[in-house]
Structures are given as structure tokens and as C-alpha cells.
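Below you'll find the structure, written out as C-alpha cells, and then a few comments.
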Amino acid sequence: MIILLIAGLIILCIGIILCIIKSAKLSRAEQFPAVIIGLRDKTVCAGGKISRIFCPVVKYTMYGKERTAEYYTYVKMKNYHRHDGDKVNILINRSSPKVFYFADEQLPRSTEGIAFVASGLLLAALGAAVKFIG
């Protein structure tokens, strides 16, 4: 079962790389003042339950050019406490100027990276257990 161990280590490495890439991208983000100009919404169905989720949209100026950007993810309204016209500070990465993060919130981690790391660890542990026990 050395194959499981090797596959687990490869998947683990992929996860670590994904986490590093996300962290590097966020560390290069620049802060800008912005104004919330609206919300995009969409309806989703999960587990047979229909709900609406929202994505704040802001207007900001980057190097003399006025732009708009959307929050990096959709959120439930009960978790959103800002309003149109609110002035906020946002973080923007030049490579993705249409996506922002609120400067006063904890920056997100790479969900995909964490999933790969967990899967890789599980496979590697399973491979090691089968090899040494069996």
C-alpha cells in the first residue's frame, strides 16, 4: 500500500502549494477606501431548502480610475451588517481588481488547499497504517 502513502504525500503537497498561492495573493493586496453601492443576490437550493444569498458591490478609485468590485463570496443576509452608502476600507489585488475583501475582516484561507491537505494526510496515514500493520 505504498501507493496510498505516495498519493497522500502528493495530494498533501498540492494542498500546501494551494495554501501558499492564496496567502501570497492576499499578502499583495492593497487597501483602498470604497463605498458600498449595492448587493447582488442569487437564489440557491441546498438540501431541498431554497435560500437567497448576497454579494456586496463597492465603488472605489484605483490609481485615478473609478472601478467597481464584488465581495469574494456570497453571504447570507443575517451575516451581513453593512448598508448602501457605507464607507469601508477594502483590500484589492491588482491581478483581480473586480474582487475585494473587507480590510476589517479576517482574510479567508484556501478552502481547496485545506481540503487537499486533509485528504493527503488521511491517505498518507492510511497508506502508512496498512504498510506497517499489514
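A few remarks follow.
- In order through segment 36-53: 3J(HN,Hα) via Karplus (6.51 cos²θ - 1.76 cosθ + 1.60), integer Hz, x for Gly, Pro: 6, 10, x, 10, 8, 10, 8, 9, 10, 10, 9, x, x, 10, 9, 8, 9, 10
- Under the combined filter of DSSP loop state and at most 11 neighbouring Cβ atoms within 10 Å, segment 28-134 retains these GluC sites (Glu not before Pro): E105.
- Least to most buried among F116, F100 (fewest other Cβ within 10 Å first): F116, F100
- Degrees between helix 2-27 axis and first principal axis of the chain (Cα, 0 to 90, nearest 10): 20 degrees
- The translational diffusion coefficient of the chain, from Stokes-Einstein at 10 °C and 1.306 mPa s with a Kirkwood hydrodynamic radius over alpha carbon pairs, comes to 91 µm²/s.
- Relative packing of peptides 88-94, 73-79 - highest average C-beta neighbours within 10 Å first: 88-94, 73-79
- Selection of chymotrypsin sites (Phe, Trp or Tyr not before Pro), segment 1-64, meeting DSSP coil and at most 11 other Cβ within 10 Å: Y63
- Set of aspartates and glutamates with alpha-carbon distance to K98 below 16 Å, sequence-local pairs under 8 removed: E30, E66, E70
- Principal-axis tilt of helix 111-133 within the chain, Cα atoms, nearest 10 degrees: 10 degrees
- Relative contact order of the chain, defined on C-alpha pairs under 8 angstrom at six or more residues apart (%): 40 percent
- Note on I6 and Q31: the extension gain reaches 4.8 nm, defined as 0.36 nm multiplied by sequence separation minus the Cα-Cα distance.
- Segment 1-41 versus segment 57-98: alpha-carbon centroid distance in Å: 20 Å
- Residue among N79, I37, V130 farthest towards the positive dipole end of segment 2-133, charges placed on Cβ: I37
- Rel. contact order, % - alpha carbon contacts under 8 angstrom, at least six apart, segment 59-134: 22 percent
- Per-pair calculated FRET efficiency, R0 = 22 Å: L121 and S96 via Cβ, rounded to 0.05: 0.15
No lab work stands behind these numbers, since they all come straight from the coordinates. Note that this is a predicted model, so its numbers are computed, not measured. Glycine gets a Cβ as well: all are built from the backbone with ideal geometry, and neighbour counts include every protein chain shown.
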